[in-house]
Structures are given as structure tokens and as C-alpha cells.
Amino acid sequence: MLELRAVTAGYGQFTALWDVSLRVAAGEAVAVVGPNGAGKTTLLRVISGVLAPRAGELVFEGRPLGGRPPHEIVAHGIAHVPEGRRLFPGLTVADNLKMGAFLPAARAGFDDSLARVFALFPILAERLRQRAGSLSGGEQQMLAIGRALMSRPRLILFDEPSMGLAPVMVLRLFDLIRRVREEGYTMLIVEQNVRQVLKLADRAYLLEVGRVRIEGRADQLGEQEFVRKAYVGL
Amino acid sequence: MSNLVDLVAHNPLLLMEAAVNGLLLGGVLALLALGLNLIFGVLDIVWIVYVDLVMLAMYLVYFLVQVYGWPLWLGALAGVALGTLLGVAVHLLIITPILASPPVNQLLATGGLLFFIQSLATFLWTTDHRSIRLSLPTIEIGGMFVSFARLIAFVLAVLVMIGLYVFLTRTYVGTAIRAVSQDRGAMALMGADPQRIYVVTSAVGGALAGVAAALLSIQYSVHPHFGAAFGPITFMICVLGGLGNMVGAFIASFILSEIISIGGVVWSTEMGYVIAFALFIVLMFVRPGGILARRQ
């Protein structure tokens, strides 16, 4: 479904990603893990179109999308749950969800999408008239995910979803993502919380200083000695 | 102060009349302030040139109606169309090339355009004051005299503002405009082309300038320095309401128009402006974020 072939990218003189290849098949949940500064966020910026790759290819459902602007990437069926949620705080929950369905193709299926989001996160239905900024942290997380689902995506990108959350909130967050996962959505999750994300993903890539260090099935990756020592903390 | 007391005691009707006139003026000022604020909210740029675009549209209405004999409503529509075009043109020709520059450069660029337009207007049409000759009556309501032109302008301004409200809250594009004003980057992740949102916003802002031009041309004469007469008060309203805050701008319009109108009757028009500006400066110290800003 999504394939990156030998992608190199960076900012100015600085190269953050070297020769990264990665694949997400339809129906899979794939995790990208690694320490701070490993290039995880750069990777997502390339996929979502915020940053153009310097070399290499980005192919989604057979179409080359490398270097296309973000709004076109979304139109091709890739939704983004950005780091820090990036909700529109002054807009109501209803308007935030509406903006998730901004594209004409998404508008056509608005009622159906909304029903699916409410089935996943019933609390959002009760908060429709409330401003997004007044929601609790957990509700905001649901809204950010719900907003991404409103675009009727075939692939969802999660950018460091647990960043800045208290430990108890992290567990709840992964419950939310698991619920979305159970609906059959294909997802790519970039995450620092290695232990949690490996429990959820089918496959994973470990990124270190801009290169893919190892890749494999999530459960096997979690058992590798150096991964456990360095990242899982067991 | 004794003037005010005197007036309340001996001629309350005159004071009421001033209050009504202030309300009517506030409607058109609010239209101007909302247009400017809409653009600022989305693009983070203050179009210093805004009221001069209004002036250009006023000249068009004047020439079409007074010189070429078009019916007023048609001339007014042409004014709105020109305002819309000018809004898009300013965005594409002046703002787009320097969108990544520091805000102060963008401010100076629209400021430069202001002087260009002023000089061009003086060159083409001289400094004559030109007005559409209309025989609109003055109507009497309960002993107060109210200009019919002002009343019409107020009603139309309110209708257009209701339309703007519906556009911004009910439509996808309008909601996207509000969303972009909160987070530019996130709206692109929703699939909206930011450049398209900017153009639509500038067009709507320009259209509001055109509407204001049509409504002002039935009350005031147009001249090359029209922008200098209405520009400062418009910016003051926007800052007082909190830049980018539409509700704040709406309220601030009526506060300032009442001060100017009532001050004008009690003392003199100049004194009305002096009080308005003095209040503005004081409020900037007390509430620098605008009247509706929450205290940090």
C-alpha cells in the first residue's frame, strides 16, 4: 500500500534520513520506533508532504507521491494525526470533525463517517457543541483521531501520539488506537513509547541516527536483547 | 462635563439622536473592521491599504452613478465586484510573493501600496471632493431626525454581517477560514490548499470593502485622502476588539462610533475623535490584547 524506497531527506545542510526503505501493507499496523533525533518525525513529514525528499521514492497505492504538498497527500487517502494533536481549539467539536471531512470526497460520506467516529468514541457525540480547547486531554486525543477518520482515509499516520502525556494517559491512548485498529484501519505509528507500540503493531522498524537499524515482526523486535535494554527498559 | 449635563437636562432628544446616529455609523464601521480583521486572522497581515481600496471602489460607484447615470443599486454591485477583485489582486500581486518575509516587510508593502493609490487618485481625479447627488429624505422618528441614507446603510451593513456570520459558521470554506486563523499548518493536513483559503479570504475581505464603499458613497463624498479619514479609526477598532477577533471588532465599532457621535453633539466632532483616541490609548495600557481578551 505504502512504500518508501531509499528515501533521503533533511533540512538545509543537515541530513536527517539516510536511504530509508519502508513498507506498509493494507490492513497492517506498522510502528516506527527509535530515540529522539533518530529521524522519526522527518520520516512522517516526508510521507505527509510537509518535507520533500532529496532522493528516493514515495509510492502510495501505485502512485508516486514524493514531494506532493500536504493537501494533495490527504486527498490520496492518507490522514494524519499530528504531534501535539493540532486541534482547532476555538472551534467546536462538531466544526473540528467537519474540517476533517473538508475534501469533497469526504463530504459525500459525512454522515456515515460521523456515525463511525461516534461508535468508536461515543463521548464526542455529547461534546459536539463544546469548544475543542475546553475538552479534557483524553477527549482531545479522541477528537484528533476522529478528525483524521472523517477524511475516510485508507492509511492513518500517527505522529508521536503519546508525546507529553502522563503515564496513565498513555495507556488510555493506546486503548483508543487499539479500538481504531480493531476497525481494520491500516496505520503507521511513529512513537517513542516502544513497549506500548510494539504490543499494538504487526511489524516495526527501529530507526537510529536517520537509518533503519532493524526491522521485523513487532513481537520479535521487542525480544531482541539490545532493543529491550535500550528502549523497552526491561 | 457641564455641556453633557446641560444637554441631558434640557435637550435629551438631541442626545438620543446622536446615539442613534452613532449606532448607524457603527454598522458601517463594523463592516470595515470585520473585513480587515478577517484578513488579519487568516494571514497575520494588517492590510494598511484596506480603506484605500474602499476609496477606489467609492470612485467607481461615483463615476458610474453620477457621471454615467447607472442606477444606484447597479453601481453599488459594481463597487462590490471591484472590491472583490482588488482584494484578490492585492493578495496575489503584493502578499503572495512576500508571504515568507517578516511581517514588518508585508506591512510596509501594503503601506507602500497605500501611498501609490493615494497619489494615483490625486493625479487622476485631483483633490476634489465628489459625491453622488441623491435626494434621500431625512425621516423623523419620535421627534428625532435621522438621515434615511444612514438608516439604509446600517440595515444593509447588518444584513451583510449576518451573511458573513452564516458563511463563516455554516459552510465548509467559511469554517476552514476560521480554522486556518487558529492553525495554518493543520488545515493543510485536512486536505485544504492554504493558498486557496488565502485567496478566498482576501476576496471576501475585498468584497466587504466594496460593500462598505457602496454604503459610504451615499453618505460621504470621496476624495484621494478618504483613507486617511477612515483608516485610523478602522485600525483602532480592530486593535481595540483584539486583532483577528471578529466579535471584539463588532463591539468596538459601536463603542467608538457612539463616542464620536455623542462627543460630536456635546462638544465638537474633533473632540469626539480626541476622546475616542484617548480612550484607545488608555485601553491599550489596561487591556493590550483587546477588550475581549482574557487576562493571562
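So if I check each of B:A19, B:A33, which one is closer than 30 Å to B:G143 by Cβ and either part of a helix (DSSP H, G or I) or in contact (Cβ under 8 Å) with a residue 24 or more places away in the chain (or both)? Steps first, answer last, please.
Values: B:A33 fails: closer than 30 Å to B:G143 by Cβ.
Of B:A19, B:A33, the one residue that is closer than 30 Å to B:G143 by Cβ and either part of a helix (DSSP H, G or I) or in contact (Cβ under 8 Å) with a residue 24 or more places away in the chain (or both) is B:A19.
Residue by residue, here is whether (1) surrounded by fewer than 14 Cβ atoms within 10 Å (Cβ to Cβ); (2) in contact (Cβ under 8 Å) with a residue 40 or more places away in the chain holds:
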| position | (1), (2) |
| --- | --- |
| A:L124 | no, no |
| A:A132 | no, yes |
| A:S162 | no, no |
| A:A166 | yes, no |
| A:Y185 | no, no |
| A:L207 | no, yes |
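Taking the stretch A:19-59 on its own, how many of its residues are touching a Phe, Trp or Tyr at 6+ places or on another chain (Cβ under 7 Å) and at positive phi?
Final tally of qualifying residues: 0.
For every residue, the table says whether it meets (1) of a type outside the set (G, A, S); (2) touching a strand residue (DSSP E or B) at 6+ places or on another chain (Cβ under 6 Å); (3) without any contact (Cβ under 8 Å) to a residue 12 or more places away in the chain; (4) farther than 22 Å from B:T127 by Cα.
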position	(1), (2), (3), (4)
B:H223	yes, no, no, no
B:T234	yes, no, no, yes
B:S257	no, no, no, yes
B:G263	no, no, no, yes
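Please work out if B:G289 is modelled with pLDDT under 95 and touching a helix residue (DSSP H, G or I) at 6+ places or on another chain (Cβ under 8 Å).
When the stated conditions are applied, B:G289 does not pass them.
Let me confirm something: among B:A212, B:A249, B:A278, B:A186, which residue is surrounded by 24 or more Cβ atoms within 10 Å (Cβ to Cβ), among the aliphatic types (A, V, I, L, M) and out of contact with any Gly (no Cβ under 6 Å at 6 or more places or on another chain)?
Among B:A212, B:A249, B:A278, B:A186, only B:A212 is surrounded by 24 or more Cβ atoms within 10 Å (Cβ to Cβ), among the aliphatic types (A, V, I, L, M) and out of contact with any Gly (no Cβ under 6 Å at 6 or more places or on another chain).
If A:L128 satisfies every condition in (1) touching a residue at least 40 places away in the same chain (Cβ under 8 Å); (2) in contact with a helix residue (DSSP H, G or I) (Cβ under 8 Å, 6 or more places away or on another chain) but one, which is the exception?
The one condition A:L128 does not meet is (1).
Considering only the stretch A:72-89, state which residues are crowded, with 20+ Cβ neighbours inside 10 Å, over 19 Å from A:M187 (Cα atoms) and within 7 Å of chain B (Cβ to nearest Cβ).
Listed by number, the list holds a single entry, A:F88.
When you scan the stretch B:146-167, do you find a residue that is among the β-branched types (V, I, T), facing chain A (nearest Cβ under 10 Å) and farther than 27 Å from B:S221 by Cα, even just one? So that I can check it myself, show each step before the final result.
First, the residues of the stretch B:146-167 that are among the β-branched types (V, I, T): B:146, B:152, B:155, B:158, B:160, B:162, B:166.
This time we only want the ones that are facing chain A (nearest Cβ under 10 Å), so: none.
No: zero hits.
Each row is one residue, and each column tells you yes or no for (1) within 18 Å of the chain's Cα centre (by Cα); (2) among the polar types (S, T, N, Q); (3) within 14 Å of chain B (Cβ to nearest Cβ).
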site: A:S21; (1), (2), (3): yes, yes, no
site: A:A26; (1), (2), (3): yes, no, no
site: A:A29; (1), (2), (3): yes, no, no
site: A:R54; (1), (2), (3): no, no, no
site: A:G66; (1), (2), (3): yes, no, no
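Checking A:F60 against (1) more than 7 Å from every other protein chain (Cβ to nearest Cβ); (2) at pLDDT below 95; (3) over 16 Å from B:Q182 (Cα atoms), which test does it fail?
Failing condition for A:F60: (2).
Hey, among B:T171, B:T138, B:T201, B:T110, which residue is surrounded by fewer than 16 Cβ atoms within 10 Å (Cβ to Cβ), away from chain A (no Cβ under 11 Å) and hydroxyl-bearing (S, T, Y)?
B:T138
So is B:L92 buried (at least 21 other Cβ atoms within 10 Å of the Cβ), within 21 Å of B:R196 (Cα to Cα) and touching a residue at least 12 places away in the same chain (Cβ under 8 Å) or not?
Working: buried (at least 21 other Cβ atoms within 10 Å of the Cβ): no; within 21 Å of B:R196 (Cα to Cα): yes; touching a residue at least 12 places away in the same chain (Cβ under 8 Å): yes.
No: the conditions fail for B:L92.
Being crowded, with 18+ Cβ neighbours inside 10 Å and among the small types (G, A, S): is that true of B:G69 here?
Spelling it out, it is not the case that B:G69 is crowded, with 18+ Cβ neighbours inside 10 Å and among the small types (G, A, S).
Please identify the pairs in which a residue from the stretch A:90-103 that is at the interface with chain B (Cβ under 7 Å from one of its Cβ atoms) has its Cβ atom under 8 Å from the Cβ atom of a residue that is surrounded by fewer than 23 Cβ atoms within 10 Å (Cβ to Cβ) and part of a strand (DSSP E or B), counting only partners at least 6 apart or on another chain.
Qualifying pairs under 8 Å: A:G90/A:R131; A:L91/A:R131.
Is it the case that B:I197 is assigned to a helix (DSSP H, G or I) and more than 20 Å from the chain's Cα centre (by Cα)?
Numbers: assigned to a helix (DSSP H, G or I): yes; more than 20 Å from the chain's Cα centre (by Cα): yes.
In short, yes.
Identify the residue in the stretch B:177-194 that is assigned to a helix (DSSP H, G or I) and farther than 18 Å from B:L99 by Cα and, among all such residues, is farthest from the other protein chains (Cβ to nearest Cβ).
From the stretch B:177-194, those assigned to a helix (DSSP H, G or I) are B:177-182, B:184-189, B:194; that's our starting set.
Checking the rest, the ones that are also farther than 18 Å from B:L99 by Cα come to B:178-179, B:189.
Numbers: B:R178: 6, B:A179: 5, B:L189: 5 Å.
Looking at the filtered set, the residue picked out is B:R178.
Looking at the stretch B:120-135, which of its residues are at pLDDT 90 or above and either surrounded by 13 or more Cβ atoms within 10 Å (Cβ to Cβ) or among the polar types (S, T, N, Q) (or both)?
B:L120, B:A121, B:T122, B:W125, B:T126, B:T127, B:R130, B:S131, B:I132, listed by residue number.
Right, B:M16: under 16 Å from the mean Cα position of the chain (by Cα) and either aliphatic (A, V, I, L, M) or at pLDDT 90 or above (or both) or not?
The answer is no for B:M16.
Kindly establish whether A:R107 is within 9 Å of another protein chain (Cβ to nearest Cβ), under 30 Å from A:R129 (Cβ atoms) and touching a residue at least 40 places away in the same chain (Cβ under 8 Å).
Against the criterion (within 9 Å of another protein chain (Cβ to nearest Cβ), under 30 Å from A:R129 (Cβ atoms) and touching a residue at least 40 places away in the same chain (Cβ under 8 Å)), A:R107 does not qualify.
Starting from residues that are among the aliphatic types (A, V, I, L, M) and buried (at least 22 other Cβ atoms within 10 Å of the Cβ), keep the ones in the stretch A:92-105 and report whichever is farthest from the chain's Cα centre (by Cα).
A:V93
The values are calculated or read from the model by the stated rules, or taken from the named source; none is laboratory data. All of these numbers come straight from a predicted model, not from anything done at the bench. Cβ atoms come from the backbone with ideal geometry, glycine included; neighbour counts cover every protein chain shown.
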